[in-house]
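The values are calculated or read from the model by the stated rules, or taken from the named source; none is laboratory data. Everything numeric in this text was worked out from a predicted model, so none of it was measured. As a convention, Cβ positions derive from the backbone with ideal geometry for all residues, glycine included, and neighbour counts pool all protein chains shown. All accessible areas refer to the heavy atoms of the entire protein, side chains included, with ligands and DNA or RNA removed. Shrake-Rupley method; radii C 1.70, N 1.55, O 1.52, S 1.80 Å.
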Amino acid sequence: MTVNDSARWGLPDSDICSAAWELVTDVSEVFITNHCIRSYLFGRELAAADGVRAGLDYDDELVFLSCILHDLGVTAFGGGDQRFEVDGADAAAAFLRDHGVADDSVHTVWQAIALHTSVGLAHRFGPVQSVSHLGIALDINGFDKHRLSPDFAERVHAAWPRHDLGYAIASAIAEDTRANPMKAPPFSFPAHLHQVINGGPSFTFLDLVGNSGWGDRPVRAAAG
């Protein structure tokens, strides 16, 4: 993260934020690093559109750290045997603790990262988790782009190009789940990608129940 980047976009430039940005650029593909910074910028902009103010209603530094570090689980640095969201949260937490960040702040960032693909959950945990989720989700699904200020997305994309993010990150996650199916627990987002990209097993909840060995029988639907 350069001085010009910080000044132009108003990015947090504390020592820990600079160290986190350096880590991500060192260990990630460019499509991930650009996604991470766009996620922060979009989250901050959506929060402002709702009257939620950085530094007053939420900790801007923690949102930055959550967004910048949220995809470490898709890198060799942060990858392990868990679903990538949890691997990434664990890697981010270890990095922050190594840099002397307080435990309560580490816990907040861990939650924001672990929950970042869980629709309907992050906003119940706190403002940092909520703002982070808004920005990360927007950069993938585009649902709320109409709420950004005019030309904001265009300026962000000019500075931080997409590199076909949606397809690139899906492919990276699926490559990891193909190598290690443990990273695709049933009914998770990684399991979905494993199934649609790798042709992994289509495993439903009823399959789980039917194979439980408890002898549960299907309930007949009530007559209309």
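Assorted remarks:
- Surface accessible to a 1.4 Å probe, per residue, for the residues of region 77-224, Å²: 60 Å²
- FRET efficiency, 1/(1 + (r/R0)^6) with R0 22 Å, evaluated for Asp5 and Asp26 via beta carbons: 0.85
- Based on Cα contacts under 8 Å between residues 6+ apart, region 119-224 shows a relative contact order of 12 percent.
- Stretch gain in nm, segment Ser202-Asp13, where the contour uses 0.36 nm per residue and the Cα spacing is subtracted: 63.5 nm
- Chain lengthening between Phe77 and Arg53 when straightened (0.36 nm per residue, less Cα-Cα): 5.3 nm
- Largest to smallest in accessible area, the residues His99, His35 fall in the order His99, His35 (1.4 Å probe, all protein chains included).
- Fluctuation leader among Cys17, Cys36, Cys67 - the chain, Gaussian network, Cα springs under 10 angstrom: Cys17
- Solvent-accessible ranking of Tyr58, Tyr167, largest area first, probe 1.4 Å: Tyr167, Tyr58
- Relative to the current alpha-carbon distance between Arg124 and Phe187, full extension at 0.36 nm per residue lengthens the span by 20.6 nm.
- Largest GNM mean-square fluctuation among Asp71, Asp103, Asp139, using the chain with Cα springs under 10 Å: Asp103.
- Surface share of carbon and sulfur [accessible, 1.4 angstrom probe, percent] for region 51-112: 48 percent
- Share of carbon and sulfur in the accessible heavy-atom surface of region 169-224 [1.4 Å probe, %]: 59 percent
- Net charge dipole size for region 109-224 [Lys, Arg +1 and Asp, Glu -1 on Cβ; Debye, nearest 20]: 260 debye
- Computed helical MRE - 222 nm, the chain, DSSP H runs ≥ 4 contributing -39500 (n - 2.57), nearest 500: -18000 deg cm²/dmol
- Ranking Lys183, Lys145 by solvent-accessible area of protein heavy atoms (1.4 Å probe, all protein chains present), from largest to smallest, gives Lys145, Lys183.
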